[in-house]
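Here's the structure we're looking at; comments come further down.
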Amino acid sequence: MLQGRERGGGATFQQSIMSYRIPFNRPCLAGNEYKYIAEAIANGHASGDGPFTRKCHELLEKELEIPRVLLTTSCTHALEMAALMLDCGPEDEVIVPSFTFVSTANAFALRGARLVFADIRPDTLNLDESRLESLITPRTKAIVVVHYAGVSCEMDSILAISSRHGVRVVEDNAHGLFARYKGKYTGTFGCLSTQSFHETKNFTCGEGGALVVNDVDLVERALVIREKGTNRSRFFRGEIDKYTWVDLGSSYLPSDLLAAFLFAQLEERKTIQEKRRRVWNRYCESLADWAESNDVKLPVIPWECEQAYHMFCMLLPSVGHRNSLISHLKAQSILSVFHYTPLHLSEAGQKFAARPSNCPVTEEISERLLRLPFYNDLSESEQDHVTAAVTNFQLNLLRRQAS
Ligand SMILES: Cc1ncc(COP(=O)(O)O)c(C=O)c1O
């Protein structure tokens, strides 16, 4: 069964995904991608931290009103940088939601930290802040939150708990660029946060990410870690006459060609977000009656949250209904998918957990969740085809037949 994040599997697998009349995701151009890539080539600076990387940094720093953004090769790598920057090690525990992409947890397990899996709220599917404090121990080094689907976690409570215990907060904001909580952008609450520009995200360059450094004291170390553990950025600033190895690090800079692609997308952020808002609202409006009469839960957006319109997901009454609907849509050449499988039940999740986990909501939700095709250029007629196919699927009928 395909999951929400289809990758790899070779040409046949990729071709089969794109052979659907309505694929799950279709990367869309914003307009200036080719032009800017040509400029980046002409600039003669194809490696990292060239003119387009600087433009992306400036745009994001200004828009989000944050001290420092550093483009990275992926959100996964930005999370790995965060784990290095917080000096996470075998003596430490890191709290992560079980309902997330593997990178949220793997980045910290790579440093030897033990994982403590948190359950989620049944409405927003975000980390359940009401159960967070009970997971904190003297070993807790960090709390990693994920703003699922670009809808913010309950940040007031999470920050109050973290400051009571002196624990740092990292935001995995892979879904949530330009979402807000009580008027403030997600990704600007924790000491560090991470962004993804993978092709499934609202803004993309194929593969890419960013580390957002909200704590100014962490900026210099971030620069070192991103540059293979060297003080090369001080050398470029003319502060030292040669650079050397000063810390752990790796190669986390994306090529300026990718930054050129990304800048074309970020520049059109208002248009892109407006397109996605329209698609999201149309799904909500056209599926509301069907959902109500079939016991299907549509997304919940708390009043404090302005969402990022990253995805449209629904909760079906059971795993059987969810899988039948996926097959029903597939028969009409529509690719719908599910994700995430609970990390605390995975082989690695059990190996790297600090202790046995208790995440019943995650287990239940992950079996019932289904994501509909969602991309910037999903046309109204394509969307009508999807919603007609969904509303033709009568779950009540299925239930009556089963009984
Ligand atoms: C919540 C979350 N975190 C991290 C990632 C990893 O992103 P990337 O592919 O940019 O490494 C993803 C990818 O889908 C994600 O959904």
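The values are calculated or read from the model by the stated rules, or taken from the named source; none is laboratory data. Note that this is a predicted model, so its numbers are computed, not measured. Heads up, the Cβs are rebuilt from the backbone with ideal geometry, glycines too, and the neighbour counts pull from every protein chain shown. Side chains included, ligands, DNA and RNA excluded: accessible areas come from the protein's heavy atoms. Shrake-Rupley method; radii C 1.70, N 1.55, O 1.52, S 1.80 Å.
For segment 178-197, residues that are open to solvent by 10 Å² or more (accessible area, probe 1.4 Å) and part of a loop (DSSP other than H, G, I, E, B) total 6.
Quick check on this structure: which one of 319, 300, 337, 361 is in contact with a Leu (Cβ under 7 Å, 6 or more places away or on another chain) and of a type outside the set (Gly, Ala, Ser)? Answer to the check: 337. Pairing each residue of segment 256-279 that is crowded, with 23+ Cβ neighbours inside 10 Å with any residue that is among the basic types (Lys, Arg), provided the two are 6+ apart or on different chains, yields C-beta distances under 8 Å for 259/55; 263/55. Close Cβ contacts (under 9 Å, 6 or more residues apart or on different chains) running from residues in segment 156-182 that are more than 17 Å from residue 134 (Cβ to Cβ) and of a type in the set (Phe, Trp, Tyr) to residues that are open to solvent by less than 20 Å² (accessible area, probe 1.4 Å) and away from the ligand (no atom under 16 Å from the Cβ) comprise 178/64; 181/155; 181/305. Scanning segment 24-43 turns up no residue that is at pLDDT 95 or above, within 16 Å of the ligand (Cβ to nearest atom) and in a helix (DSSP H, G or I). Do we have any residue at all in segment 267-286 that's in a loop (DSSP other than H, G, I, E, B) and under 26 Å from residue 395 (Cβ atoms)? No, because not a single residue in segment 267-286 is in a loop (DSSP other than H, G, I, E, B) and under 26 Å from residue 395 (Cβ atoms).
Per-residue answers, yes or no, for (1) among the charged types (D, E, K, R); (2) buried (at least 16 other Cβ atoms within 10 Å of the Cβ); (3) under 17 Å from residue 123 (Cα atoms):
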| position | (1), (2), (3) |
| --- | --- |
| 299 | no, yes, yes |
| 312 | no, yes, yes |
| 315 | no, yes, yes |
| 324 | no, no, no |
| 340 | no, yes, yes |
| 349 | no, yes, no |
| 352 | no, yes, no |
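Just the residues that are crowded, with 20+ Cβ neighbours inside 10 Å and over 17 Å from the mean Cα position of the chain (by Cα), please, taken from segment 96-113. Passing the criteria: 109, 113. Please work out if residue 211 is in a helix (DSSP H, G or I), of a type in the set (A, V, I, L, M) and open to solvent by less than 20 Å² (accessible area, probe 1.4 Å). Answer is no for this residue. For segment 13-21, the count of residues that are open to solvent by less than 10 Å² (accessible area, probe 1.4 Å), under 24 Å from the mean Cα position of the chain (by Cα) and not polar (S, T, N, Q) is zero. Return a yes/no flag: does segment 150-157 have any residue that is aliphatic (A, V, I, L, M) and within 14 Å of the ligand (Cβ to nearest atom). Yes, there is a match, as at least one residue in segment 150-157 is aliphatic (A, V, I, L, M) and within 14 Å of the ligand (Cβ to nearest atom). Note on segment 71-102: residues that are touching a residue at least 60 places away in the same chain (Cβ under 8 Å) and within 14 Å of the ligand (Cβ to nearest atom) amount to 19. Of the residues in segment 293-319, how many are out of contact with any Lys or Arg (no Cβ under 6 Å at 6 or more places or on another chain), modelled with pLDDT of 95 or more and not in a loop (DSSP other than H, G, I, E, B)? Qualifying residue count for the region: 4.
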